[in-house]
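Colleague: I am attaching a structure below and will ask some questions about it afterwards.
Read the figures in this text as sums done on the coordinates, not as results from a lab. From a predicted model like this one, the values you see are computed outputs, not experimental measurements. Here the Cβ positions follow ideal geometry from the backbone for every residue, glycine too, while neighbour counts run over all protein chains shown.
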């Protein structure tokens with residue numbers, strides 16, 4: 001009898017693992033499908049995501065492009081026009097705004113009770129949050145490549161090979177910014193407070209980065225303290241990761257910062273959403 005039980009236990013364990021894997025994949029598919037269906041129904045969301053950086057590319061770059069070009073610094077091998085320089089930065093803007101938009105949806109879901117139903121599913125809470133984050137990252141990927149298509153039509157061409165090389169970089173950058181948004185959603189309890197909080201996060205991250213200009217120009221103008229603040233800005237490294245990937249190169253420093261910060265922010269958010277250990281428990285107490 002004991003031999004039979006011992007021989008059956010590995011099979012039972014395999015079946016249990018298979019059921020858990022199927023359940024996890026169903027949760028990922030369900031959450032991703034829900035986010036994609038919401039995105040498809042919100043017609044203006046894709047338009048606003050593209051129009052915002054397109055205006056920077058067409059209007060802002062047209063006015064600033066004649067003021068300076070970009071010298072042959074990494075990852076460029078020759079002088080380039082300003083419009084070509086800011087395309088990776090504007091891809092980062094798309095990812096940044098969508099990451100904040102995803103965290104806004106988390107706040108809304110928590111207010112209407114959808115988030116409570118999601119987190120009571122028979123799966124680890126961190127995995128459910130990860131599914132939500134992956135779904136938001138996929139939306140960021142769609143919007144980023146839609147903007148690249150608009151930039152191509154506007155006459156600003158990223159190398160075709162760069163479209164392929166940028167794929168993992170955009171995914172990692174989207175995951176990073178989504179993780180920051182996920183962590184932010186822990187502390188923002190009402191939709192009314194979210195817009196102001198976003199402004200305190202988005203605009204400092206955007207302007208203290210290399211999205212619009214190389215950081216060496218800050219040092220050249222004497223703003224040494226702004227330069228050093230910008231070098232620790234995770235959004236700056238997300239932009240540089242995408243920029244180097246667009247030309248088939250890898251910025252190992254930016255890769256380390258992006259991956260490390262993404263893991264840290266997600267871990268902090270998962271702990272905070274845990275009712276036994278995180279911020280929710282402290283507030284209930």
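Colleague: Quick check: the distance between the Cα centres of the range 159-185 and the range 208-254, to the nearest angstrom?
Modeller: Centre-to-centre distance over Cα atoms comes out at 16 Å.
Colleague: For a footprinting-style exposure proxy, rank 132, 249 by other Cβ within 10 Å, fewest first.
Modeller: Details: 132 27, 249 13.
Lowest count first: 249, 132.
Colleague: Please find the FRET efficiency linking residue 250 to residue 73, where r is the Cβ-Cβ separation and R0 is fixed at 22 Å, and quote it to the nearest 0.05.
Modeller: It comes to 0.85.
Colleague: Something else: Sorted from fewest to most neighbouring beta carbons within 10 Å, what does the list 100, 166, 198 look like?
Modeller: Neighbour counts put them in this order, fewest first: 198, 100, 166.
Colleague: For an R0 of 25 angstrom, estimate the FRET efficiency from the Cβ-Cβ distance between residue 226 and residue 199 and round to the nearest 0.05.
Modeller: For R0 = 25 Å, the calculated efficiency reads 0.85.
Colleague: Follow-up question, since we're still on this one. Taking other Cβ within 10 Å of each residue's Cβ, how do 226, 218 sort, fewest first?
Modeller: The most exposed by this proxy come first: 226, 218.
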